Amino acid sequence: MPYITDESTFELIQDSGRTLRFIEVVLLWTWSGWLEGTPSVEDVLEQIESLRERGAELGDVPTNSVFVALPEMSSALPPVACIAVLESDPVSSGEGADSSYAVIVWFQEQFSFPPDARARVEIAAIPWDRHALDGAI
């Protein structure tokens, strides 16, 4: 089970041993502004794309590089959406990069940080080498 090593620095250890450091985190209500009713599949997809765009702005990355960890859904998305910029050691072993970073979106039940146990598992399972960008944040 992935764990937070130190709540003052918010580091998450992946099964591979890679340490992910939370640099910036935004929590918001998933359906803020939604008037009533159950969101359709199209509404859910639209909301995910909107969160992906917001993550791209936060991390100054292309929209398609924002990783979205989707929970198993029985109906709608959980009430809290979280967007974070995470940092780790470089992905490539080449010269020039001191670190790598990625922007991720995940969902959870409570408006709280650090992420709940389910979210930590989802974040730790991110294939970092495939989604992270080398360079400074």
What are the pairs with Cβ atoms under 7 angstrom where one residue, in region 17-34, is closer than 19 Å to residue 120 by Cβ and the other, located anywhere, is modelled with pLDDT of 90 or more and surrounded by fewer than 14 Cβ atoms within 10 Å (Cβ to Cβ)? Sequence gap at least six, or different chains.
27/111
Residues in region 59-68: is at least one in a helix (DSSP H, G or I) and buried (at least 18 other Cβ atoms within 10 Å of the Cβ)?
yes
The condition of being more than 11 Å from the chain's Cα centre (by Cα), of a type outside the set (Phe, Trp, Tyr) and at pLDDT 90 or above holds, among 42, 36, 53, only for 53
Could you pull out the residue among 47, 14 that is at pLDDT 85 or above and surrounded by fewer than 17 Cβ atoms within 10 Å (Cβ to Cβ)?
14
Just for region 69-88: of the residues that are more than 26 Å from residue 132 (Cα to Cα) and surrounded by 13 or more Cβ atoms within 10 Å (Cβ to Cβ), which one is nearest to the chain's Cα centre (by Cα)?
79
Taking the criterion of being surrounded by 14 or more Cβ atoms within 10 Å (Cβ to Cβ), among the β-branched types (Val, Ile, Thr) and part of a strand (DSSP E or B), would at least one residue in region 91-100 satisfy it?
no
Anything in region 27-54 that is assigned to a helix (DSSP H, G or I) and under 18 Å from residue 111 (Cβ atoms)? List them, or say none.
47, 51, 54
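The values are calculated or read from the model by the stated rules, or taken from the named source; none is laboratory data. Note that the structure is a prediction, hence the values are computed from the model and not measured. We place every Cβ from the backbone using ideal geometry, glycine too, and count neighbours over all the protein chains shown.
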